[in-house]
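**Q** First the structure, then my questions, so here it is.
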Amino acid sequence: MRIVGGARKGARIFAPKGASTRPTSDRVREAIFAILGSVEGAHVLDLFAGSGALGLEALSRGAESATFVESEPTAVKAIERNLEKLGLEGRIVRSDVARYIARTNERYGVVFVDPPYEMVESLRMPLAEHLPRVLAEGGCVVYESAAGADPELPLPVRSKRRHGSTQLTVFDAP
């Protein structure tokens, strides 16, 4: 895997080994940032961060900050290695995503949600309850799911696009 844009374009990043993490492909990340446009100066939240690829990509493209929320120890180590290798600063929170978003008082301009596909349904209520509160005015949520899945949040849908076996749904702040 590589960073596909910004100051660190072309740099290789580490992904955790094993089946518990499904890194977002380079092509899908390109599509996400084409939809988003500039993230310059944004405060980014990368939920179910895995390798941290989405937050790292945002930092490479000029985001002011990135918070990576991940509970798997091997994934946390991969994010740490990637930040160090790329010379980027970010905050890693080793926590369950639902617990973190229920407790945080921070607000973010871009929120990436990339849960294990089998968890989409069980996350529906905690995400619907708490994501609108952590989303800054004018912000958006980029939700990655299996193609054909229909993630629901109490936010307006900006776009829904399919990229192979992946679906991207972008929700805007109300």
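**Q** Using per-residue counts of other Cβ atoms within 10 Å, averaged over each peptide, order 65-75, 159-169 from highest down.
**A** Values: 65-75: 20.5, 159-169: 15.4.
Ranked from most to least packed, the peptides come out as 65-75, 159-169.
**Q** While we're looking at this one, here's another question. How large is the helix-only mean residue ellipticity at 222 nm for the chain, computed as the sum of -39500 (n - 2.57) over DSSP H runs with n ≥ 4, divided by its residue count, in deg cm²/dmol to the nearest 500?
**A** Numbers: 5 runs with 55 residues, N = 174.
About -9500 deg cm²/dmol.
**Q** Moving on to the next point. Using alpha carbon coordinates only, what is the Rg to Rh ratio of segment 15-145, with Rh defined as the Kirkwood radius?
**A** Details: Rg = 13.4 Å, Rh = 14.6 Å.
Looking at segment 15-145, the ratio lands at 0.92.
**Q** Based on the mean of other Cβ atoms within 10 Å per residue, sort peptides 121-131, 24-34 so the most packed one is first.
**A** Peptide ranking by packing, descending: 24-34, 121-131.
**Q** Quick one: putting +1 on the C-beta of Lys and Arg, -1 on the C-beta of Asp and Glu, what dipole do you get for the chain around its Cα centre, in Debye to the nearest 20? Please list the in-between numbers first.
**A** Working: 23 positive and 22 negative charges, 101 e Å.
I would put it at about 480 debye.
**Q** Give the shape of segment 94-166 as rounded, prolate or oblate, defined through the alpha-carbon gyration tensor: a ≥ b ≥ c are the square roots of its eigenvalues, a/c under 1.5 means rounded, and otherwise the shape is prolate if a/b is larger than b/c and oblate if not.
**A** oblate
Read the figures in this text as sums done on the coordinates, not as results from a lab. Please read these numbers as outputs of a predicted model, since none were measured by experiment. Quick reminder, even Gly has a Cβ in these numbers, built from the backbone with ideal geometry, and neighbours come from all protein chains shown.
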